[in-house]
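FYI, it's all coordinate maths here, none of it is from the lab. Remember, predicted model here, so these are calculated numbers, not experimental data. Note: ideal-geometry Cβ built from the backbone for every residue, glycine included; neighbour counts use all protein chains shown.
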Amino acid sequence: MKITVIGAGYVGLVTATCLSELGHIVHVINRDPHKTASINAGSPPIYEKGLDTLLKKNIGKTLFATTDYRNIRDSNLVFICVGTPHQQDGSADLSMVRAASRSIGENLAKTEHSPIIVVKSTVPPGTTEGIVRPIVLKYAGKSDISFAMNPEFLREGRAVEDFFHPDRIVIGCSDNSIFTHVASVYRNIDAPILVTSIDAAEMIKLVSNAFLATKISFSNEIGNICKRDGIDVYEVMKGVGMDERISPHFLNAGVGFGGSCFPKDVAALIYFAESHGEDPIILKSVMKVNEIQANRMLFILKKRVGELKGKRIAVLGLAFKDDTDDVRDSRAIPVISQLLQEGAIVVAFDPVANITMEKIFPNICYCGTAEEALTDADACLVMTEWPDFSRLGNEFERMKSKIVIEGRRILSYHDREGICW
Ligand code: UDX
């Protein structure tokens with residue numbers, strides 16, 4: 001099939017590259033010419049495991065990056081994969097979805113051909129039907145264009161693997177022929193396909209992320225309770241997760257969730273609920289537990305080292321999780337902010353995210369190794385579950401005082417205190 005993907009962020013670029021690997025002819029459109037040049041040169045502008053190899057393999061053969069919307073005129077399908085960041089009030093900023101819809105419409109006005117427009121961006125229920133459809137139809141000046149919603153469930157750092165091995169493919173659409181077309185894109189992927197209404201497909205994405213975030217906040221709350229009585233929350237949640245109805249996944253207690261999806265999607269669902277007159281008590285608590293959890297790192301730290309002014313604190317891990325350089329909503333951000341506010345000297349190390357965090361905190365000290373960050377430190381906070389950290393041992397001996405506080409259960413070093421274990 002001929003496919004156009006609009007947006008070359010994490011979702012757009014992974015989707016475009018993986019679709020090209022499946023044998024489709026894919027054009028990925030991005031407004032930034034530097035980004036498209038980098039993609040066409042075989043160099044992904046983001047770090048994502050396995051993407052580099054697939055991009056180099058397919059670029060110029062089945063995959064092309066461009067700033068030009070004209071390619072959609074002979075596409076069978078157009079995927080909208082632009083960002084929907086959250087605004088101050090928690091609502092999703094749909095300006096990029098609107099702009100993409102308008103560009104699609106304007107370009108379809110000049111042709112008889114009508115591809116199916118598929119929204120993949122995470123959007124509040126009602127967006128595809130209430131915003132995308134009317135804008136595209138208005139600027140195209142026609143009424144015979146079909147629409148579908150096909151949410152993505154890709155995890156950063158494992159997005160390529162998730163694309164080829166999803167738990168399910170959800171296609172929201174209004175008739176069988178649209179379903180058949182969209183489903184045929186994935187014909188080489190072995191996964192159950194669920195067909196739903198467009199609004200339900202939009203909701204499935206938000207609710208999936210909200211439920212996973214709920215599992216995490218729940219585990220964190222249980223961890224905080226367990227720690228009071230010296231009970232190991234990891235033993236508890238292992239036993240709990242062995243119940244098939246619960247599942248062992250996303251029960252790892254720690255400093256909380258970050259990233260581009262969970263905080264944004266829970267906030268969007270809260271906003272959606274409230275704008276419909278509902279008070280989403282559970283969802284609001286999920287967010288609250290997550291915010292408070294970061295403070296616990298500081299609380300334990302201060303209990304152990306006293307006043308933070310002038311203390312050298314090593315922060316290991318800056319990315320919101322392992323295997324990514326993404327620091328969006330990373331739990332390290334509120335922790336570093338608080339450390340700086342209280343006059344601590346922050347010495348940070350992340351295997352890949354030093355550069356991205358430097359844009360947020362240009363004035364802290366970034367180290368090339370964990371050992372360097374730990375040298376002469378008064379205390380250490382572990383913020384990200386990088387597997388490499390599990391091998392740290394002698395490196396902690398270089399600290400001035402060996403106060404090691406884990407926000408993620410990752411260290412094998414014996415003398416450490418967990419945030420909630
Ligand atoms: C998530 C969803 O998993 C994915 O399906 C969706 O498409 C996008 O959002 P992602 O944000 O990439 O993916 O990361 P994920 O692996 O889900 O982790 C999110 C956050 O939760 C991280 O900060 C991680 O450290 C934290 N987490 C995860 C926990 O604290 N405990 C857990 O048990 C699991």
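Data table
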item: Two-site FRET efficiency, PHE164 against ASP68, from Cβ-Cβ distance with R₀ of 25 Å, rounded to 0.05; result: 0.30
item: Degrees, to the nearest 10: 95-108 long Cα axis against longest axis of the chain; result: 20 degrees
item: Relative contact order of the chain, pairs being alpha-carbon contacts under 8 Å that are 6 or more residues apart, as %; result: 11 percent
item: Under 14 Å, Cβ to Cβ, from ASP74 - net charge with Lys/Arg +1 and Asp/Glu -1; result: +2
item: Cross-link pairs beyond the 21 Å C-alpha cut-off, checked among LYS238/LYS264; LYS309/LYS400; LYS2/LYS61; result: LYS238/LYS264
item: Spatially proximal aspartates and glutamates relative to LYS142 (Cα-Cα < 17 Å; intrachain offsets below 8 disregarded); result: ASP74, GLU106, GLU112, GLU129
item: Separation between Cα centres of the range 338-405 and the range 115-168, rounded to whole Å; result: 40 Å
item: Prolate/oblate/rounded label for the range 37-141 (Cα gyration tensor, a/c 1.5); result: oblate
item: Cβ crowding within 10 Å averaged over residues, with 163-176, 194-207 ranked highest first; result: 194-207, 163-176
item: GNM flexibility winner over the chain from ASN363, ASN209, ASN290 (Cα, springs under 10 Å); result: ASN363
item: Flagged links, alpha-carbon separation over 28 Å, of LYS35/LYS321; LYS57/LYS215; LYS288/LYS359; result: LYS57/LYS215
item: Tilt relative to the chain, helix 262-275 - C-alpha long axis, 0 to 90 degrees, to 10; result: 70 degrees
item: Label zone at ILE231 (point 7 Å along Cα-to-Cβ), backbone N below 14 Å, the range 387-421; result: 421
item: Contour minus Cα-Cα distance for LYS2 and SER247 (0.36 nm per residue); result: 84.3 nm
item: Gained length - GLU274 relative to LYS400, 0.36 nm times residue gap less alpha-carbon distance; result: 40.3 nm
item: For the range 328-375: rounded, prolate or oblate by the Cα gyration tensor [a/c cutoff 1.5]; result: oblate
